[in-house]
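Structure record follows, encoded as structure tokens.
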């Protein structure tokens, strides 16, 4: 598991320490008036790392699961260890491109399903979502999806068999997208199809993993196309990405 440690100074910890927690901890409200912008950015960073998302209507940060046990650890240590899973929700325009390239049929799979940005546009019948972040798993379950909460790279297909169609936006950190795409290919039935969002780096890096992937993609008849440079701007990142389509 790739992780990173975030450190926050006493000003940030003081703001979080004074928060008002409601709805059994699922709503955190900042107290003490408006914060100076720089301080607010740091506080918001901490709360988002804990799984919170600002909700203007509710006037606070909304959490799927009560974060207060982790908040206590943050306040005590001043640090927060989070997984480096590179989670960015898939923009609607990108989802539409994926659906244009591959039509959903038969048994469907979305690995690393996040909060359902792709799944929300797929038929729910015979759809399995896989997600290893517990908070996101709970959010998916609340939407009514069948979810396996595990690392996709450990999934062997025995629980649900093989799949006809796979849609995926895997993590890009340290070439994880390559590992996820190659593993997903093993989960496809013969005649099945998959479409994946991948890092542009996977197509120009010269390390062993990237070069082997490009050779493999050619061998299995996969194709790729660049997405617009601002495709993920609405999700808060300027990452350069491609769509990869493989028909097995």
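The values are calculated or read from the model by the stated rules, or taken from the named source; none is laboratory data. These numbers were taken from a predicted model, which means no experiment stands behind them. Please note: Cβ atoms are built from the backbone with ideal geometry, for glycine as well, and neighbour counts cover all protein chains shown.
Values for this structure:
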{"item": "Identity of the residue in the range 52-91, part of a strand (DSSP E or B) and modelled with pLDDT of 85 or more, that ends up surrounded by the most Cβ atoms within 10 Å (Cβ to Cβ)", "result": "61"}
{"item": "Residue count, the range 102-119 (criterion: over 15 Å from residue 133 (Cβ atoms) and crowded, with 16+ Cβ neighbours inside 10 Å)", "result": "6"}
{"item": "Hey, residue 39 crowded, with 18+ Cβ neighbours inside 10 Å and assigned to a helix (DSSP H, G or I) or not", "result": "no"}
{"item": "Any hit, the range 191-206, residues being exposed (fewer than 12 other Cβ atoms within 10 Å of the Cβ) and within 23 Å of residue 103 (Cβ to Cβ)", "result": "yes"}
{"item": "Filter result for residue 179 (in a helix (DSSP H, G or I) and surrounded by 22 or more Cβ atoms within 10 Å (Cβ to Cβ))", "result": "no"}
{"item": "Single match in 165, 223 (criterion: closer than 21 Å to residue 128 by Cα, modelled with pLDDT of 95 or more and not assigned by TED's automatic domain parsing to the domain that holds residue 26)", "result": "165"}
{"item": "Filtered residue count, the range 121-152, keeping only those that are farther than 22 Å from residue 48 by Cα and surrounded by fewer than 15 Cβ atoms within 10 Å (Cβ to Cβ)", "result": "5"}
{"item": "Of the criteria (1) more than 13 Å from residue 111 (Cβ to Cβ); (2) outside any strand (DSSP E or B), which one residue 164 fails", "result": "(2)"}
{"item": "Long-range neighbours under 6 Å by Cβ, at least six apart or interchain, first residue in the same structural domain as residue 71 (by TED's automatic domain parsing) and at positive phi within the range 38-60, second assigned to a helix (DSSP H, G or I) and surrounded by 13 or more Cβ atoms within 10 Å (Cβ to Cβ)", "result": "51/135"}
